[in-house]
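The values are calculated or read from the model by the stated rules, or taken from the named source; none is laboratory data. Bear in mind that the values here come from a model prediction, so they are computed numbers and not experimental data. Glycine also receives a Cβ, built like all others from the backbone with ideal geometry; neighbour counts cover every protein chain displayed. With ligands, DNA and RNA removed, areas are computed over all heavy atoms of the protein, side chains included. Shrake-Rupley method; radii C 1.70, N 1.55, O 1.52, S 1.80 Å.
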Amino acid sequence: EHKVPSIEKRIQAMQQLAEHGWPVALRFDPLIEQVGFNDAYSTLFEQIFSRVPEPAIHSATIGPLRMPKQFHRTMENLYPEEPLFISGLTQRNSMVSYPAEREAEMIDWATEELETHLPSHKIFPNLPS
């Protein structure tokens with residue numbers, strides 16, 4: 001995202017909060033499909049959990065990319081060459097997201113990967129209705 005803190009800065013902030021006794025909530029929402037999805041998210045999880053101890057983690061949510069149909073249409077018009085908005089998405093009801101099968105694969109994989117770092121009672125899927 002344009003003009004947001006880097007991943008490194010975000011992890012530093014989480015680490016500092018944890019060191020001062022604050023609980024940290026992780027939000028992997030939305031998961032974004034990309035080449036090397038599993039490797040990219042495995043690396044991200046490793047970067048976080050190597051520096052923020054599990055007891056400091058309050059919770060982690062996992063959710064798929066989803067947006068209202070009209071918002072998606074606007075984004076396609078504004079950024080017609082952006083791969084995120086022009087490929088691999090489908091409409092379900094009034095929302096645009098990844099196909100249900102791929103969405104489930106991404107959520108299942110991320111949940112299993114997070115469970116190597118956190119107890120399952122701290123992991124919450126944030127799924128569209």
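Near the amide H of Leu65, under 5 Å away, which other amide H atoms are found, from residues 5 or more places off or on another chain, if H is placed in the peptide plane?
Amide H neighbours of Leu65: Leu31, Tyr98.
Of the DSSP beta bridges with both residues in the chain, give the percent that are antiparallel, rounding to the nearest 5.
Given both bridge residues lie in the chain, the antiparallel proportion sits at roughly 40 percent.
Once both axes come from the Cα atoms, what is the angle between helix 100-114 and the longest principal axis of the chain, in degrees from 0 to 90, rounded to 10?
The two axes meet at around 10 degrees.
Which net charge results for the neighbourhood of Lys3, defined as the other residues with beta-carbon distances under 14 angstrom from its beta-carbon, given Lys and Arg at +1 and Asp and Glu at -1?
Local net charge: +1.
Roughly what angle does helix 37-49 make with the longest principal axis of the chain, taking Cα atoms, 0 to 90 degrees, to the nearest 10?
Roughly 30 degrees, rounded to the nearest 10.
Dipole magnitude of the chain about its Cα centre, charges +1 at Lys/Arg Cβ and -1 at Asp/Glu Cβ only, in debye to the nearest 20?
The calculated dipole for the chain is roughly 540 debye.
Which order do the peptides 94-104, 20-30 take when ranked by the mean count of other beta-carbon atoms within 10 Å per residue, highest first? Display every interim value, and only then the final one.
On the way: 94-104: 15.7, 20-30: 14.0.
Listed from highest to lowest mean packing, they are 94-104, 20-30.
Please compute, over every Cα-Cα pair in the stretch 7-83, the percentage with a separation greater than 18 angstrom.
Above the 18 Å cut-off, the stretch 7-83 has 53 percent of its Cα pairs.
Given that just one value was derived from the coordinates, which of (i) 18, 17, 14; (ii) 24, 18, 15; (iii) 29, 17, 13 is semi-axes √(5λ) of the Cα gyration tensor in Å?
So the calculated entry is the one marked (iii).
Can you tally the net charge around Arg92? Count Lys and Arg as +1, Asp and Glu as -1, for every other residue whose Cβ sits under 10 Å from the Cβ of Arg92.
Surrounding charge for Arg92 is +1.
Ignoring ligands, DNA and RNA, what percent of the 1.4 Å accessible area of the stretch 41-129 is carbon and sulfur? Before the final figure, lay out the partial values.
Values: 2800 of 5160 Å².
Carbon with sulfur: 54 percent of the solvent-accessible area.
Can you give the accessible area per residue of the chain, in Å², using a 1.4 Å probe?
Normalised by residue count, the accessible surface of the chain is 63 Å².
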